[in-house]
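Novice: This is the structure, below, for whatever I ask next.
The values are calculated or read from the model by the stated rules, or taken from the named source; none is laboratory data. Just so we're clear, the structure is a prediction, and the values are computed from it rather than from any experiment. Heads up, the Cβs are rebuilt from the backbone with ideal geometry, glycines too, and the neighbour counts pull from every protein chain shown.
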């Protein structure tokens, strides 16, 4: 069994989540990847140290108040993340695509 741990806030108190995921072994000699691990796409991305929920909370702090201030506020809220981590999450963020407008109004008196 593989253990994945993460600290995440619960009502302002950090808790550690210990998960057991299954490992699968391929018996074919031609298989390039011999070991497969159970994925949890709703919880976190592969090789991630934080859940998607925690990453989103850190990103929102960074978008709202910035890197160092977001790290300080997160520390007060029980969310751990350095200013560099917060700014990296902000830089990696891709805003959702906005639909193109179908009707454009022009102001004659502008």
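Novice: Determine whether residue 94 is assigned to a loop (DSSP other than H, G, I, E, B), on the phi < 0 side of the Ramachandran plot and either at pLDDT 80 or above or surrounded by fewer than 16 Cβ atoms within 10 Å (Cβ to Cβ) (or both).
Specialist: Numbers: assigned to a loop (DSSP other than H, G, I, E, B): yes; on the phi < 0 side of the Ramachandran plot: yes; either at pLDDT 80 or above or surrounded by fewer than 16 Cβ atoms within 10 Å (Cβ to Cβ) (or both): yes.
It is true that residue 94 is assigned to a loop (DSSP other than H, G, I, E, B), on the phi < 0 side of the Ramachandran plot and either at pLDDT 80 or above or surrounded by fewer than 16 Cβ atoms within 10 Å (Cβ to Cβ) (or both).
Novice: Okay, next question. Quick one: which of 67, 78, 105, 74 is over 26 Å from residue 39 (Cβ atoms) and in contact with a strand residue (DSSP E or B) (Cβ under 6 Å, 6 or more places away or on another chain)?
Specialist: Criteria check complete, one pass: 78.
Novice: Identify the single condition in (1) surrounded by 16 or more Cβ atoms within 10 Å (Cβ to Cβ); (2) more than 19 Å from the chain's Cα centre (by Cα) that residue 80 does not satisfy, given that it satisfies every other one.
Specialist: (2)
Novice: Could you go through region 12-22 and let me know if any residue there is farther than 30 Å from residue 75 by Cα, at pLDDT 80 or above and surrounded by 10 or more Cβ atoms within 10 Å (Cβ to Cβ).
Specialist: no
Novice: Among (1) in contact (Cβ under 8 Å) with a residue 24 or more places away in the chain; (2) assigned to a helix (DSSP H, G or I); (3) out of contact with any strand residue (DSSP E or B) (no Cβ under 6 Å at 6 or more places or on another chain); (4) within 17 Å of residue 16 (Cα to Cα), which single condition is residue 49 missing?
Specialist: Against the list (1) in contact (Cβ under 8 Å) with a residue 24 or more places away in the chain; (2) assigned to a helix (DSSP H, G or I); (3) out of contact with any strand residue (DSSP E or B) (no Cβ under 6 Å at 6 or more places or on another chain); (4) within 17 Å of residue 16 (Cα to Cα), residue 49 comes up short only on (2).
Novice: Next up: Please work out if residue 61 is at pLDDT 80 or above, closer than 25 Å to residue 17 by Cβ, surrounded by 10 or more Cβ atoms within 10 Å (Cβ to Cβ) and in contact with a helix residue (DSSP H, G or I) (Cβ under 8 Å, 6 or more places away or on another chain).
Specialist: yes
Novice: Can you confirm whether residue 39 is surrounded by fewer than 10 Cβ atoms within 10 Å (Cβ to Cβ), in contact with a strand residue (DSSP E or B) (Cβ under 9 Å, 6 or more places away or on another chain) and within 30 Å of residue 86 (Cβ to Cβ)?
Specialist: So residue 39 fails the test.
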